[in-house]
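Only one structure is covered here, and it is reproduced in the block below.
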Amino acid sequence: MTNITLSAAPSTTSGNHEAARVGWSDHSTFRSWGTVLGLARAAALATAITVPAALAQEVPWRPDRGDGTYVNPVLFADYSDPDVVRVGGDYYLVSSSFGNVPGLPVLHSRDLVNWTIVGHALARLPSPGVDRPQHGKGVWAPSIRHHGGRLWIYWGDPDAGLYVTSAERAEGPWEPAHLVKPALGLIDACPLWDDDGRMYVVHAWAKSRAGFNAVLTVLELSPDGRSVIGEGRNVFEGGTKHFTIEGPKLYKRDGWYWIFAPAGGVKTGWQVALRSRSVYGPYEDRIVLAQGRTAVNGPHQGAWVDAPDGSDWFLHFQDRGAYGRVVHLQPMRWKDGWPVMGADPDGDGTGEPVASSRKPTAGEPPREPQTSEEFDGPAPGLQWQWQSNPDPSWWSIAGGVLRLSSVPAAARGGTLWAAGHLLLQKLPAPAFVATTLVRPESLREGEEAGLVVMGRDYAALVVSPRGDGVHLALRVCPKADASGAEAEAAARAVGSGPIELRVDVAEGAICRFSARSGGGAFEPIGEAFTAREGLWIGAKVGVFARAPHRATTTGLALVDWFRVERAEPRRSR
């Protein structure tokens, strides 16, 4: 099956992926921005992540039941627009990263159920203007393929055009991003190497830039995949039947060209399969997956991949609001020449999502994407991203402590929405607890540092030195994306020593903040806050330090650790 079944390639990814940290520094593009890590230090980024043993049993979400079956979602985190390729017995997943850096996260699995992060294909975004937050811009709906002994990732940037990067190994190093075709509104690109040696890319269009959408276009590329041959051809228009069709994935099976594409919108859409004997069409269409009688809204946009035993599977996202677009795994079979995804209780050929199924490959141990962090390596773990291309002066690690520089606010009264220096990770489960230990002794008066739940609305629990001592405050900013103002919702004095900041997140993304110092009990502060998603991404949680606007001499915050645990009582699944 061309571009589905793939030959094995040399890889180290069968080993300990949790130990890999190469996503921060092994790219040539990383070294170009005045890196604080030399080549020797970059090589040391395979240092193992150390997490207290007690936390290993307290993971917030585990899809593997331990009996050869799994429950959906297999990734309860915002890995939107997922695409997957199999190389031998290894699977690699990429997803949209938009304006977050490092971009293009690469995950690895041996069974499509248990995933860990093994790197990032973009150390910095190549687009102009991303040294400050560019919410909703950047990397849209990438695709990953294996060809000629290399992994290839293509993606569209709606403000720049079609990009590609390539690597021999998922961990990198990845080549610098190459602009294949400058274009406005080109998004959601996917390549196909055909049987005759020719190469194609299918892509969609963003109406906000191109002025139209619901059109799929096929381009022919040069054999090296780095330039366009001729003009693209529009091969399918969704019209009113499949409005907002986008996110196409291009395959070939038994002489048929297949385009799998979502339609109907992010929250409530469906999955379409298109087939033709020519890559340029005309294409027949059929809805092959929809919500049906399930609670899984908008089950679409993802990846068809086969297992070593020949079984077929489909991964797709579901929009869960503040949690982002979580990833489900559906068994897939063929009926009358068309794919059927999930369950098909009425036999009409349109599947609906399953809540659980057998694992594609039995015997693999449970693994989850990294969350907790002790900062005992030379760089933050692969779970972390900034809100823009980072400045190397923003952080350092020494003696097992993360040192966050207090970065001046972008404007007087500026909010965290405009701050690139937030170190954030995805919400990992419907309910969880995140706790961090912050030491404020190196902060200057007027500066603050703390724990933030970030999105269109955000809340931050901060410590700040003042003339009369150190104060703890809960700051809330509604409608941050629409120039909303940040306000202090609650405050109290605390001691000057280390302080643990905590957020308990309950189902519905309801967040309750608390703090403790000196080993006492956690004391709540302020009212419950309901997290909101960001622009095309889920809410995120993390740490930061900031100084007043135009501050010329600044301090720093010391962060000893950041731990994510299962919430109790845990939701029944």
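Bear in mind that the values in this text are calculations on the coordinates, not laboratory data. Just so we're clear, the structure is a prediction, and the values are computed from it rather than from any experiment. Cβ: placed from backbone, ideal geometry, glycine included. Neighbour counts: every protein chain shown.
Might you report the magnitude of the Cβ-based charge dipole of the chain about its Cα centre, with Lys and Arg at +1 and Asp and Glu at -1, to the nearest 20 debye?
560 debye
Run the numbers on region 161-310 and let me know its relative contact order in percent, using alpha-carbon pairs under 8 Å that are six or more apart.
Details: 347 pairs, mean separation 22.0, N = 150.
Reported relative contact order: 15 percent.
Placing +1 at every Lys and Arg Cβ and -1 at every Asp and Glu Cβ, with all other atoms neutral, what dipole size does region 175-268 have around its Cα centre, in debye to the nearest 20? Each step should come with its number before you reach the end.
Working: 11 positive and 11 negative charges, 86 e Å.
With only Lys, Arg, Asp and Glu charged at Cβ, the dipole is about 420 debye.
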Could you pull out which residues in region 468-487 have an amide N less than 16 Å from a spot 7 Å beyond the Cα of Glu445, following the Cα-Cβ vector?
468-471
Hz values of 3J(HN,Hα) by residue in region 100-109 - Karplus curve (6.51, -1.76, 1.60), Gly and Pro given as x
8, 9, x, x, 6, x, 10, 10, 10, 8
The chain, helix-only ellipticity at 222 nm - DSSP H runs n ≥ 4, -39,500 (n - 2.57), divided by all residues, nearest 500
-500 deg cm²/dmol
Kirkwood Rh and Cα Rg combined as Rg/Rh, region 408-512:
0.95
For the pair Asp131 and Ala528, what calculated FRET efficiency results from E = 1/(1 + (r/R0)^6), where r is the Cβ-Cβ distance and R0 = 25 Å, to the nearest 0.05?
0.10
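From the P(r) of the chain, can you give the percent of Cα pairs sitting at distances over 42 Å?
Values: 30254 of 163878 pairs.
Tail fraction, whole percent: 18.
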Debye sum, Cα scatterers, region 17-358, no solvent: what log₁₀ I/I(0) at q = 0.08, 0.09, 0.11 1/Å?
-0.36, -0.46, -0.70
Pairs Lys181/Lys241; Lys181/Lys207; Lys137/Lys540; Lys207/Lys426; Lys479/Lys540: which are spaced more than 25 Å apart, C-alpha to C-alpha?
Lys181/Lys241; Lys207/Lys426
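State the three equivalent ellipsoid semi-axes of region 362-413, derived from the C-alpha gyration tensor as the square roots of 5 times its eigenvalues, in descending order and whole Å.
Details: eigenvalues 182, 47, 15 Å².
Those come to 30, 15, 9 Å.
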How large is ³J(HN,Hα) for each residue in region 479-496, as worked out from phi by the Karplus curve 6.51 cos²θ - 1.76 cosθ + 1.60 (θ = phi - 60°), to whole Hz, x for Gly and Pro?
6, 4, 6, 10, 6, x, 9, 7, 9, 7, 8, 6, 7, 6, 7, 9, x, 8
Apply the Karplus parameterisation 6.51 cos²θ - 1.76 cosθ + 1.60, with θ equal to phi minus 60°, to every residue of region 86-98 and state each ³J(HN,Hα) to the nearest whole Hz, in sequence, with x for glycine and proline.
9, 10, x, x, 10, 10, 10, 10, 10, 8, 4, 10, 6
Given an 8 Å cut-off on Cα distances and at least 6 residues of separation, report the relative contact order of region 392-566 as a percent.
36 percent
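Apply the a/c threshold of 1.5 to the C-alpha gyration tensor of region 392-566 and tell me whether it is rounded, prolate or oblate.
On the way: a/c = 1.38, a/b = 1.12, b/c = 1.22.
Rounded.
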Dipole magnitude (debye, nearest 20) for region 486-545, charges at Cβ of Lys, Arg, Asp, Glu
120 debye
Can you list residues from other chains, or at least 5 along the same chain, whose modelled amide H is less than 5 Å from the amide H of Thr69?
Lys359
